[in-house]
Amino acid sequence: MRPATSPDPGVLAVGLAAFSGILPLVSPDEATVAALRSAGREAERADLPYLPDGAAFGVVLAADELTAAGDHAEGLISEAARVLEPGRALLVSARNPLLCAPGEPGRGFTSAQLRAVLEHRGFSVDVLAAPGAAAHVTGTRTAYDPELDRRPGLLDAGPRVVAVARAPVSSVERSERFFATLPRKVVAAGVLCREPGGKLLVVHDAFRGHWTIPGGVVDADEDPRTGAARETWEEAGVRVEVGALLGLFASSWPDRLVLIYDAAPRQGATPPRPVQAHEIDTAAWVPLDEALRQVAPPVRWQLERCLEQPGGTWRQ
């Protein structure tokens, strides 16, 4: 399936339902403008870059313009946001990559990808549909089923995915929607803490049943270095001075970053004693070689990287 030069009847049906009462509409595609006029809607052809800010009451990109834009698709969405009056609607369609032959030209979007690219630019998605999905599954000839083609389980079962989205009404709303689309990573921080004699501070995780180094999840509004010091006190009862970052480790499950800092006890090798005994039941100063044999294998790997190549970044 090649990018359309005129709107698919199902795509147009989504638009006609969504844009009732919104006049006039603009589209860069002549065939789309003609189809809208034939349906009794006021529509004009306009190239978005030449329209002033906030000049449009509704923008229709129903001829797979997003697919044809390829790597510039995000820019096209941003241009639509610029020309729309705040709170007004955009209709956009894109080819479904899941139903295309390998090597087919243009850029496809799954329903999740289309939602993300719109929300990333401040739009709120009112309608997400796959015109023809129900027909594809049931064998009927309906171009658009307003109920079935909007069901979550069918959003990637049609030849195209279509969205109707509202432009933000303010810069604050745009920022809120943008930040809501960003990845959410868990950040944890720990310490490779050695006392003057070289022994390493280790703790026994009662929940997981293995030895590790002091550390844990960084709290909201807490910087990682402060979080590492706090966790060391809670898990081992040792106040530490946190130094240089020795290693940054990324993992996909859970999606997180682990920062390991160099550290030293403030008062020498004071006897460690867990403050939060429900999580950590034992803490100890252990010779480094022995500690590397004692801790869990993933922790040992992290410590070895920190000792061999301090300041590095690794994926684990």
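Build a GNM of the chain with springs between Cα atoms under 10 Å: which of Ala269, Ala143, Ala116 gets the top mean-square fluctuation? Evaluated over the chain, the most mobile residue of the options is Ala269.
If you add up the charges near Gly87, with Lys and Arg at +1 and Asp and Glu at -1, over every other residue whose beta carbon is less than 10 angstrom from its beta carbon, what do you get? If you can, show how the numbers build up before the last one.
Details: positive: Arg88, Arg166; negative: Glu85, Glu173.
Its environment carries a net charge of 0.
When the P(r) of region 46-179 is calculated, the portion above 22 Å amounts to 37% of the C-alpha pairs.
To the nearest 0.05, what FRET efficiency results for Gln267 and Ala244 with a Förster distance of 22 Å applied to their C-beta separation?
Details: r = 21 Å, r/R0 = 0.95.
Here the calculated transfer efficiency is 0.60.
Over the Cα atoms of region 3-86, each weighted equally, I'd like the Debye log10 I(q)/I(0) at q = 0.22 Å⁻¹, rounded to two decimals. Reported log10 I(q)/I(0), two decimals: -1.08.
How high is the FRET efficiency from Ile22 to Asp53, r the C-beta distance, R0 22 Å, rounded to 0.05? So the FRET efficiency works out to roughly 0.75. Set against the 2.2 N^0.38 Å expectation for a compact globular protein, region 163-316 has a Cα radius of gyration ratio of 1.23. Computed from backbone phi with θ = phi - 60° and the Karplus coefficients 6.51, -1.76 and 1.60, the 3J(HN,Hα) list for region 88-94 is 7, 9, 10, 10, 9, 10, 8 Hz; x is used for glycine and proline. For region 218-271 and region 51-85, write down the distance between their C-alpha centroids in whole Å. Rounded to whole Å, the Cα centres lie 46 Å apart.
Around Leu61, under 11 Å between beta carbons, what's the net of Lys plus Arg minus Asp minus Glu among the other residues?
Net of charged neighbours comes to -4.
Computed over the chain, the convex hull of the alpha-carbon atoms projects to a mean area of 21.4 nm².
Two decimals, Cα atoms only, Kirkwood Rh: what is Rg/Rh over region 78-142? Spell out each step's value before the answer.
On the way: Rg = 14.3 Å, Rh = 13.8 Å.
With Rh from the inverse mean 1/r over Cα pairs, Rg/Rh is 1.03.
Here, each number is a calculation from the coordinates, and none is a lab measurement. All values reported here derive from a predicted model rather than from experimental measurement. Backbone-built Cβ (ideal geometry, glycine too); neighbour counts: all protein chains shown.
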